[in-house]
Amino acid sequence: MRKLLISALAVAAFVAATVSCSDSFTLADHIGMCGEKNGVVAKDCGMDYVEVSVSRFLAPEKDEGRFLENLAFAADSLPPLYAANGFFPKDIKLTGPEADLPRAIAYGKTAIQRASKAGIEILVLGSGAARTIPEEFPCEEAQNQFVSLLDSLAEEASAYGIVIAIEPLQSKETNYINTVSEGAAIARLTGRENVAVIADFYHMAAEGEGPEAIIANADKLVHCHVAEPGKRTAPGVQGTDFTPYFKALRQIGYKGRISIECRWSDIRSELPVALETLKDQIKASK
Ligand code: LER
Ligand code: MN
C-alpha cells in the first residue's frame, strides 16, 4: 500500500514537474544581444544568446574556411548562437529592374546551410537597402519578386528547421514593409509555415505602431528586437517603459526570444543595466 502511495506521489510529482516545465518559459531568461563584435561582453554578462550578422559571420560569399574560423571563435568566446540578422548586403538587389534573384538565392542557401551548422534557428530578413523598391517600379511586381525569393529561401530553410523572419523597418531605412502588420501579411502570403515576422520595438515606435500589432499578428510573430526610441539607446538609459510590449507578448503566450539591438556608449556599464531593466519590466508586466 505504502509502495503504491509512493509511486502515486512520484507520478504526481513527475506530472507536476512536466506541467510546470512547459509552463515555465520566461522571457526574462531568453534575452540576447545583436552583434558578435560585442559577444565577449555578452558572455561575461550571462546573456542567453547572441544574434550574429549573416553577411559578416555566416559570410555566404566568402569561402567556407572564413566561416569555420568565425564558428571556432564563437565556440570559444561567445554565448550560444540563436539568430542572425543583417541578411543581404545593399548591393544584392531584391526588388526592381536590377534585382538579382539567382545571386540572392545562392547567397541565401549558403547562409541557411551555415546557419544550421552554427545552431542558428532564425534568420532575420531586414536588409532595408536591398529590398527598397526603386522609384516608379510597380509595387506589385516588386512584391512578386520578394515573395518568390522568400519562397525559395523557405524551401531550403525548411530542410534545416530554420525560420525566415521578415523584419519590418522604419520608413527612414526602406520604403517596403514598415510595420509588423505589413510584414505578417507578406509572411502569410507566402503560404509557408517557416516564413514569419519579427517585431523591433524601436522601428515600431518610429512608425507609430503600438503593441496591439503584436496581438493582431501573433500567428506569425517569432522574434523581437528592443532598444529605446529616438536615439536607439540601451534599455535603462532613457528609462523607456516597455511593459506594454511585454504585456502583449504575455497575452499571446510568446515563446520566442528578444535581442537588445541598440547603440552602445559604454557597453560594459550599459549592458548589465539593460539586462536588469528588461528583466524587471518583464516581471512587472504580469
Ligand atoms: C536590423 O535588425 C535593424 O533593426 C536595422 O535597423 C538595421 O539597419
Ligand atoms: Mn532590428
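The values are calculated or read from the model by the stated rules, or taken from the named source; none is laboratory data. Here the structure is a predicted model, which is why all the values come from computation and not from measurement. Don't worry about glycine lacking a Cβ; one is built from the backbone with ideal geometry, like all the others, and counts go over all protein chains shown. Just the protein is used for accessible areas: all its heavy atoms, side chains included, with ligands, DNA and RNA removed. Shrake-Rupley method; radii C 1.70, N 1.55, O 1.52, S 1.80 Å.
For a modelled paramagnetic label at Ala284, 7 Å from Cα along Cα-to-Cβ, the residues of segment 28-64 in reach, with backbone nitrogen under 20 Å, are 28-32.
Residues whose amide H falls under 5 Å from that of Glu121, counting only those 5 or more places apart or on a different chain, are Ala83, with hydrogens built in the peptide plane. Largest mean-square fluctuation among Phe201, Phe25, Phe87, in a Gaussian network model of the chain whose springs join Cα atoms under 10 Å apart, belongs to Phe25. Here r is the Cβ-Cβ distance between Ser269 and Asn144 and R0 is 41 Å; the resulting FRET efficiency, rounded to 0.05, is 0.30. Measure off, as a whole percent, the carbon and sulfur share of the 1.4 Å-probe accessible area of the chain, all protein chains present. With neighbouring chains kept in place, the figure for the chain is 54 percent. Accessible surface computed residue by residue for the chain, with neighbouring protein chains in place and a 1.4 Å probe, gives 47 Å² per residue. In plain terms, the chain from Lys43 to Asp151 could stretch by 35.4 nm, reckoned as 0.36 nm per residue minus the Cα-Cα distance. Note on Ser171 and Phe137: the model spin-label points, each 7 Å out from Cα along the C-beta direction, lie 2.0 nm apart. Applying 0.36 nm per residue to the separation of Leu68 and Leu189 and subtracting their alpha-carbon distance, the gain on full extension is 40.0 nm. At full extension, Ser24 and Asp76 could sit 15.8 nm farther apart than now, given 0.36 nm per residue minus the alpha carbon distance.
Using the rule -39500 (n - 2.57) for each DSSP H run of four or more residues, divided by the residues of the chain, the 222 nm mean residue ellipticity is -14500 deg cm²/dmol. Partners of Lys286 within straight-line reach, counting lysines whose Cα lies under 17 Å from its Cα and excluding those fewer than 8 residues away in the same chain: Lys247, Lys255. Distance between the modelled labels on Arg250 and Lys109, one decimal in nanometres: 4.6 nm (7 Å Cα→Cβ projection). Taken as entire DSSP H runs, the helices of the chain that both span 30 Å or more between Cα atoms along their own long axis and average -0.5 or more on the Kyte-Doolittle scale are 2-23.
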